[in-house]
Every structure is written in structure tokens, then in C-alpha cells.
Amino acid sequence: MPPLAGRGRRLVARIIDAIIIGVPVTLIMNGIVGWVDYTSTSNAETSKQATVSGVTMLVYLVYEGLMLTHRGQTVGKMAMKIRVAMLTNGEVPTTQAGWVRAAVYTLPEIVPCCGFIFWLVNVLWCTWDQPYHQCLHDKAAKTVVVSTA
């Protein structure tokens with residue numbers, strides 16, 4: 001198996017992916033939700049933000065799941081020359097593993113308050129995990145992140 005990817009490269013890859021997905025989806029959704037009448041709700045702005053966040057999360061889940069199961073890489077990972085591999089054999093993640101990894105990374109954020117805490121613990125887990133530097137979403141999917149350079 002190739003050497004493990006550094007944590008810094010993993011972080012930059014996530015930032016690139018967040019920009020690629022987050023910026024266009026947020027702009028499009030802000031335009032769309034501007035047309036929707038939220039005046040019947042007591043917290044119109046909160047409803048709009050929840051809609052934009054939910055759609056962005058769903059798009060990111062689909063993006064991550066599809067990219068990982070087909071290539072083992074998202075655009076951010078390609079740019080940083082890293083990829084996701086099955087822990088057992090170093091191959092591109094199976095369909096199940098790719099979607100489990102994407103879901104465990106993305107979906108906890110929908111739980112108010114504690115979802116963010118789980119997400120934070122999840123992404124920080126690789127800083128103390130030994131020997132593979134896996135985050136919780138890697139452990140759930142039995143994957144590792146390796147260098148392609």
C-alpha cells in the first residue's frame with residue numbers, strides 16, 4: 001500500500017471540496033429560497049439558512065459518495081495528490097464503503113448542536129489515531145487516505 005497521506009494535505013483537500021461544492025450551491029440556493037415565501041413562519045431567516053445548509057449537505061454527500069466509489073478521489077484529493085483506499089487491499093473503496101464514509105462524514109451535521117460536536121471529533125480523530133491516522137468516517141468504512149505522489 002502507498003504511504004499514508006499527511007493530515008495537512010487531507011485538510012486542504014477538504015477545503016478545496018468545500019469551496020467547489022459550497023460556494024455554487026449556496027449562491028444557487030440563496031437565489032431559489034429568495035423566491036420562496038417564508039413569511040408564514042416565525043423564523044423566516046432560520047428556515048432559509050436551514051434549507052440552504054440541508055441542500056448543501058445533500059449535494060456534498062452525493063458528490064463525495066460518487067467520487068469515492070468511482071475514483072477513490074474527490075477533486076480536492078486529486079489536487080492534493082491523495083486518495084481514499086480500502087484498508088484491506090489499497091483498492092478504490094467499494095460502493096458500500098464509499099457511501100458509508102461519505103454518510104458518516106456528512107450526515108451527523110443535521111443533528112442540532114451535537115451533530116457539529118460529533119463532526120469535530122470525527123475530523124480530529126486522525127490526529128491521535130494510530131497506526132493509520134483514520135478519522136471516524138475512515139474507521140466506519142474501513143478505509144485509509146494514502147498519497148498518490
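Quick check on residue 69: is it touching a Gly at 6+ places or on another chain (Cβ under 9 Å), assigned to a helix (DSSP H, G or I) and at pLDDT below 95? No: the conditions fail for residue 69. If we keep just the residues of the range 115-149 that are of a type in the set (Gly, Ala, Ser) and farther than 18 Å from residue 82 by Cα, which is surrounded by the fewest Cβ atoms within 10 Å (Cβ to Cβ)? That would be 115. Here is a list of conditions, (1) over 14 Å from the mean Cα position of the chain (by Cα); (2) surrounded by 15 or more Cβ atoms within 10 Å (Cβ to Cβ); (3) assigned to a helix (DSSP H, G or I), and residue 63 meets all of them except one; can you say which number that is? Residue 63 satisfies all of (1) over 14 Å from the mean Cα position of the chain (by Cα); (2) surrounded by 15 or more Cβ atoms within 10 Å (Cβ to Cβ); (3) assigned to a helix (DSSP H, G or I) except (1).
Checked against the criterion of being within 29 Å of residue 27 (Cα to Cα), under 17 Å from the mean Cα position of the chain (by Cα), not polar (S, T, N, Q) and not in a helix (DSSP H, G or I), the candidates 83, 101 yield just one match: 83. Can you name the residue in the range 93-114 that is surrounded by 21 or more Cβ atoms within 10 Å (Cβ to Cβ) and hydroxyl-bearing (Ser, Thr, Tyr) and is also farthest from residue 137 (Cα to Cα) among such residues? The qualifying residue farthest from residue 137 (Cα to Cα) is 106. Among the residues making up the range 124-144, those that are without any contact (Cβ under 8 Å) to a residue 60 or more places away in the chain and assigned to a helix (DSSP H, G or I) are 124, 125, 136, 137, 138, 139, 140, 141.
The values are calculated or read from the model by the stated rules, or taken from the named source; none is laboratory data. Owing to the predicted nature of the structure, the values given are computational and were not obtained by experimental measurement. Glycine also receives a Cβ, built like all others from the backbone with ideal geometry; neighbour counts cover every protein chain displayed.
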